[in-house]
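Structure first, then comments.
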Amino acid sequence: MALLGSPRSMSVCYYYASQERMEWIQNYIGMVAILGTQIWWTWQVEDAFRKVADGDKNAMKNELKKENQQVQDLVAFVRSPINKLQRKKVNTLIILDVHARDIVDRFVRDSILNKEEFAWESQLRFYWDRKMDDVAIRQCTGQLKYCYEYQGLNGRLVITP
């Protein structure tokens, strides 16, 4: 398990694509799992936009199907016998995933097909910036460096759109 502040702390995000998502989530502490899923969600949605631009008109619908399945997987997992910290982490991920899924659902509904549209630009997006070798958070024209401030696995009720 990677500790925050260690040289490989964020490199664990790269393993996300090479493992089953639920296995990856279970392998890492809450902060790393939550940040990693947000980085990969941003990449996956932008990849769907790229596929649409390349002619795959169903790319965003396919992304929505995948996100629906991911929410179902988390719900099934949280119903299994897991420890308290895993449950808190998964509960937080369910809230984040439902919000992410709802965003993609609106893109499908409203035919948002370009990552430069305000509907996407206005979202809080997490990127691994290779040039900075760090996480960048972007929204509209603003950009911040991720500060790695650990707040624990505190509960969230909702994310306001």
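Every read-out reported here was derived from the displayed coordinates using simple, explicitly stated rules and does not represent laboratory data. All values derive from a computational prediction rather than experimental measurement. Please note: Cβ atoms are built from the backbone with ideal geometry, for glycine as well, and neighbour counts cover all protein chains shown.
Tell me which of these LYS89 doesn't satisfy, since it passes every other one: (1) assigned to a helix (DSSP H, G or I); (2) free of Cβ contacts under 8 Å to residues at least 40 places away in the same chain.
LYS89 satisfies all of (1) assigned to a helix (DSSP H, G or I); (2) free of Cβ contacts under 8 Å to residues at least 40 places away in the same chain except (2).
Confirm whether TRP40 is of a type in the set (Phe, Trp, Tyr), under 17 Å from TYR127 (Cβ atoms) and touching a Phe, Trp or Tyr at 6+ places or on another chain (Cβ under 7 Å). Write out each step before concluding.
On the way: of a type in the set (Phe, Trp, Tyr): yes; under 17 Å from TYR127 (Cβ atoms): yes; touching a Phe, Trp or Tyr at 6+ places or on another chain (Cβ under 7 Å): yes.
Spelling it out, TRP40 is indeed of a type in the set (Phe, Trp, Tyr), under 17 Å from TYR127 (Cβ atoms) and touching a Phe, Trp or Tyr at 6+ places or on another chain (Cβ under 7 Å).
What residue, among those in segment 78-100 that are buried (at least 17 other Cβ atoms within 10 Å of the Cβ) and of a type in the set (S, T, N, Q), is farthest from GLU46 (Cα to Cα)?
GLN86
Could you tell me whether segment 49-58 includes any residue that is closer than 24 Å to ILE29 by Cα and not in a loop (DSSP other than H, G, I, E, B)? It would help to see each step written out before you state the result.
So the first thing to find is which residues in segment 49-58 are closer than 24 Å to ILE29 by Cα, and the list is none.
No: zero hits.
Which of the residues belonging to segment 14-48 are farther than 15 Å from ALA100 by Cβ and assigned to a helix (DSSP H, G or I)?
Our first condition is that a residue be farther than 15 Å from ALA100 by Cβ; within segment 14-48, this holds for 14-15, 17-20, 22-24, 26-32.
Residues satisfying the conditions are TYR14, TYR15, ALA17, SER18, MET22, GLU23, TRP24, GLN26, ASN27, GLY30, MET31, VAL32.
Check every one of the strands (runs of 3 or more DSSP E) wholly within segment 101-152 and list those with 1 or more residues that are surrounded by 14 or more Cβ atoms within 10 Å (Cβ to Cβ) and charged (D, E, K, R). Break it down stepwise before answering.
Details: elements: 125-129, 134-139, 142-145.
Passing ranges, in order: 125-129, 134-139.
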